[in-house]
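Peer 1: Quick one: the structure is below, and I'll ask about it shortly.
The values are calculated or read from the model by the stated rules, or taken from the named source; none is laboratory data. Here the structure is a predicted model, which is why all the values come from computation and not from measurement. So basically every Cβ, Gly included, is an ideal-geometry build from the backbone, and we count neighbours across all protein chains shown. Just the protein is used for accessible areas: all its heavy atoms, side chains included, with ligands, DNA and RNA removed. Shrake-Rupley method; radii C 1.70, N 1.55, O 1.52, S 1.80 Å.
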Amino acid sequence: MALLLHLLLNVMISCNAAGIDTSSIGSSITNLFKSTKNFSTSRVVNSSVEAALPIVQDPEALMKINPIITNFVQSPDDPLLYTVTDTLDVIGLHPTTTYTAKFTVNPDGLSTDVNAGAGVTTKGHWTISTNANGETEVKEDTVLSGPSIFMPFIQSTTEDAHNTDMDNLVKLINDNAAKSA
């Protein structure tokens, strides 16, 4: 059963990559069997909020540190809209999928709104703030929605990528702070 699910997801991703619209399939599946998961990641950084905030508010910096993003192109019509390409690992295969991501700069960070196709969406909010211990903390809160049947794979892939994002972001912020010192 799991192999069949991975195969179906791979077919939908391949159709999406080939420019075949799978949104109606994904929407139908999502409407019948939609699942939503929330997850958060946070880390303390060795930087001030003021020094780290511009990095967190930079969509391209965040995409460059994402381990599955292999390409992104900014829309000529909307500077906060990007077409993004991921390369996934699906049972030893490495299909690519292309989707849109909208980034909105906020006073405390950056919000993301991703429509990954096949009924999969994510809404994220990256923030930088001072925590209760007086330390500078970067945090990401994510709401992930998609077809229930694919959610274990989608959630695992997304959480793994975002945890690596967070580790890479901490390194980027800390390295920037060290250079400024």
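Peer 1: May I ask you to list the residues in segment 55-88 that are of a type outside the set (A, V, I, L, M, F, W, C), surrounded by 12 or more Cβ atoms within 10 Å (Cβ to Cβ), free of Cβ contacts under 8 Å to residues at least 60 places away in the same chain and not in a strand (DSSP E or B)?
Peer 2: Hits for segment 55-88 are Q57, D58, P59, K64, S75.
Peer 1: State whether one or more residues within segment 141-164 are surrounded by fewer than 16 Cβ atoms within 10 Å (Cβ to Cβ) and more than 21 Å from D113 (Cα to Cα).
Peer 2: Within segment 141-164, none of the residues are surrounded by fewer than 16 Cβ atoms within 10 Å (Cβ to Cβ) and more than 21 Å from D113 (Cα to Cα).
Peer 1: With the checklist (1) open to solvent by 50 Å² or more (accessible area, probe 1.4 Å); (2) over 20 Å from P59 (Cβ atoms) in hand, flag the one item E137 doesn't pass.
Peer 2: For E137, the failing item is (1).
Peer 1: Can you find, within segment 112-128, the residue that is farthest from the chain's Cα centre (by Cα) among those that are closer than 21 Å to N168 by Cα and in contact (Cβ under 8 Å) with a residue 60 or more places away in the chain?
Peer 2: Result: I128.
Peer 1: Next question, about the same structure. Taking A116 as meeting all but one of (1) surrounded by 20 or more Cβ atoms within 10 Å (Cβ to Cβ); (2) in contact with a helix residue (DSSP H, G or I) (Cβ under 8 Å, 6 or more places away or on another chain), write down the number of the exception.
Peer 2: The number of the failed condition is (2).
Peer 1: Which of (1) touching a residue at least 40 places away in the same chain (Cβ under 8 Å); (2) within 16 Å of the chain's Cα centre (by Cα); (3) open to solvent by 20 Å² or more (accessible area, probe 1.4 Å) does G109 not meet, given it meets every other one?
Peer 2: For G109, the failing item is (3).
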